[in-house]
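Peer 1: First the structure, then my questions, so here it is.
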Amino acid sequence: MADITWEEPFCAEGNNCFRIGTDGEGNAYIALAGQEDRYLSDTEEALRTLIREIKAGKADHLL
């Protein structure tokens, strides 16, 4: 398993809590809080791009 440094959970309404983490090799991770052993992984740059696109409204149709 990767040596992941997890940020504090980000919680929306209800029990929807996510955590974002990184490792020393430039990878980023997203997991449900409490289920960090089951994560989605990509590069830190891919995570930055995802966040920028969401902030730009490109996922608003999912709301």
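Read-outs throughout are calculated quantities, based only on the coordinates presented, and are distinct from any laboratory measurement. Since we're looking at a predicted model, the values are computed, not measured. Ideal geometry is used to build each Cβ from the backbone, glycine not excepted, and the neighbour counts take in all protein chains shown.
Peer 1: Filter region 39-63 down to the residues that are farther than 17 Å from I20 by Cα and either surrounded by 11 or more Cβ atoms within 10 Å (Cβ to Cβ) or among the polar types (S, T, N, Q) (or both), then identify the one that is nearest to the chain's Cα centre (by Cα). Quick ask: steps written out before the conclusion?
Peer 2: From region 39-63, those farther than 17 Å from I20 by Cα are 56-63; that's our starting set.
If we keep only those that are either surrounded by 11 or more Cβ atoms within 10 Å (Cβ to Cβ) or among the polar types (S, T, N, Q) (or both) too, we end up with 58-59.
Details: K58: 17, A59: 15 Å.
Top of the filtered list is A59.
Peer 1: Sticking with this structure for a sec: Among A12, A31, which is the only one that is surrounded by 11 or more Cβ atoms within 10 Å (Cβ to Cβ) and either out of contact with any Cys (no Cβ under 9 Å at 6 or more places or on another chain) or touching a residue at least 60 places away in the same chain (Cβ under 8 Å) (or both)?
Peer 2: Details: A12 fails: surrounded by 11 or more Cβ atoms within 10 Å (Cβ to Cβ).
Selected residue: A31, the only one of A12, A31 that is surrounded by 11 or more Cβ atoms within 10 Å (Cβ to Cβ) and either out of contact with any Cys (no Cβ under 9 Å at 6 or more places or on another chain) or touching a residue at least 60 places away in the same chain (Cβ under 8 Å) (or both).
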